[in-house]
1. Does the range 172-192 include one or more residues that are among the aliphatic types (A, V, I, L, M), in contact with a Phe, Trp or Tyr (Cβ under 6 Å, 6 or more places away or on another chain) and free of Cβ contacts under 8 Å to residues at least 60 places away in the same chain?
2. Among the listed residues 292, 273, which satisfies the condition of being in the same structural domain as residue 88 (by TED's automatic domain parsing), within 8 Å of the ligand (Cβ to nearest atom) and modelled with pLDDT of 95 or more?
3. Of all residues being more than 14 Å from the ligand (Cβ to nearest atom) and modelled with pLDDT of 95 or more in the range 26-68, which is surrounded by the most Cβ atoms within 10 Å (Cβ to Cβ)? Just the residue, please.
4. Starting from residues that are of a type in the set (Val, Ile, Thr) and closer than 30 Å to residue 205 by Cβ, keep the ones in the range 94-141 and report whichever is modelled with the lowest pLDDT.
5. Select, from 99, 125, the only residue that is closer than 11 Å to residue 230 by Cβ, surrounded by fewer than 18 Cβ atoms within 10 Å (Cβ to Cβ) and not charged (D, E, K, R).
6. Restricting attention to the range 218-245, and to residues there that are away from the ligand (no atom under 15 Å from the Cβ) and touching a helix residue (DSSP H, G or I) at 6+ places or on another chain (Cβ under 7 Å), which single residue is nearest to residue 129 (Cα to Cα)?
Amino acid sequence: MSTQHDIIVIGAGIAGLCAAREAARQGLKVCLFEQLMFGGLVLNVNHLAPGLASGPTSGADLAADLMSQLSDLGVHTVYDAASALEIGPTVRVECGEGAQHARALIVASGAQLRTLGIAGEAEFAGRGVSQCADCDGPMFSGKTVVVVGGGDSALQEALVLAQFCAQVHLVHRAASFSGRQKFIDEVTADARIVLHMSTQVEVLKGDETLQAVVLRGPDGQAREIASMGFFAYVGLEPCTSFLPARLARDAGGYLLVDANLQTSAANVFAVGAVRSGFAGELSHAEADAALAVACAVRLLRSTA
Ligand SMILES: Cc1cc2nc3c(=O)[nH]c(=O)nc-3n(C[C@H](O)[C@H](O)[C@H](O)COP(=O)(O)OP(=O)(O)OC[C@H]3O[C@@H](n4cnc5c(N)ncnc54)[C@H](O)[C@@H]3O)c2cc1C
C-alpha cells in the first residue's frame, strides 16, 4: 500500500513533534515517523531546567502532551524507522505499512549520546552501564557510580546521582570543566562527588554486572574503582546514517541548513539537534519547527 501526504516528518523528539503539530495546524496532511519512543532525548530529563520549556516540567509529560495534541490534529504516525528514503521532486519513505510519499520532508532525527568505545561498555549496557541518571539513579541507591564528562550534562547528571548514591566519581579528561559555573560550584561543593581531573577511563570490569572501572590519572598510574554504575556524557552525535549522502553535512556530521532551515535539497528541511548550528534547548527546537514549517508551506504553495 502507498499513501500520499503533504509532508513527512522523521523523528518524534520535541523538534519533530512540534513540526508535525505546526504542519497539521496549517492544514497539511502529515506523516510522522518514530523508530523508538515519542519524545526522544528529553525522555531522559525528569526536571527540565526552569524557563526553558513552558508547561510540563518533566520531559515525559511534555512529550505526552504534544502526542495527545497530534492525535487530535489527525497526524498519521508510523512506529518504524524511516530507512529506504528517496529524495527527488517528491519524497518516498519505505516502511512496514508500505511506501509513504510527500512533497516535502522535515528531518528531526536528533542526536544520540556518544559512547566512549572502551572495553566493557557495550558488554555491561543495561547491567550497570546507563545513559539515564534520572531513570536509573534509584537502582544505585547507596552504591558507588562513575560519571564521565565535563560539560553541563555530565555535571547535572552527577548531581542527580549524588541524591541517590553513596559516592559519585566524576571523571573528566581535561584539567577543567566546560559546563556552566553554577553546576561546577554545586559539584565541587557536594561531599558525595569525588573529582578526577585529567583522567581517562580505560576499561569496565565485571561478571554478570559491572563491578569496577579502571581509570588512568595524570600520574600515569592505573586505579581501579569498585563501581556498580557507569554513566558517560561525552557529547552527542547526529542520527543521519539513514539519509542520502547528497544531503550536505558539516564536519561533525550535522545537516547543513540555510537561514530557512532548508538543506541542500530544496524540499528537505532539518530541525533540532540533527542540524548544524542548533542552539541546544527545547525552546530552540520549537522555534526551528515553526520556521521550517512556515518555509515548507511557502514551498508547497508555490509549487502546487
Ligand atoms: C541529559 C540532557 C538533559 C537536557 N536537559 C534539558 C533541559 O532541561 N531543558 C532544555 O530545554 N533542554 C534540555 N536538553 C536538550 C533537549 O533535550 C534537546 O534540545 C531536544 O530534546 C532535542 O530534540 P530533537 O527533537 O531535536 O532530537 P531528539 O530528542 O534526539 O529526537 C529525535 C528522535 O528521532 C528519532 N529518530 C532518529 N532516527 C530515526 C529514523 N531513522 N526513523 C524514525 N525516527 C528516528 C529518535 O528515536 C528520536 O526519538 C537536554 C539534553 C540532554 C542530553
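The values are calculated or read from the model by the stated rules, or taken from the named source; none is laboratory data. If you're wondering where the values come from, they're calculated on a predicted model, not measured in any experiment. Positions of Cβ are generated from backbone atoms using ideal geometry, with glycine treated the same way; all protein chains shown enter the neighbour counts.
1. yes
2. 273
3. By that ranking, first place goes to 30.
4. 115
5. Selected residue: 125, the only one of 99, 125 that is closer than 11 Å to residue 230 by Cβ, surrounded by fewer than 18 Cβ atoms within 10 Å (Cβ to Cβ) and not charged (D, E, K, R).
6. 229
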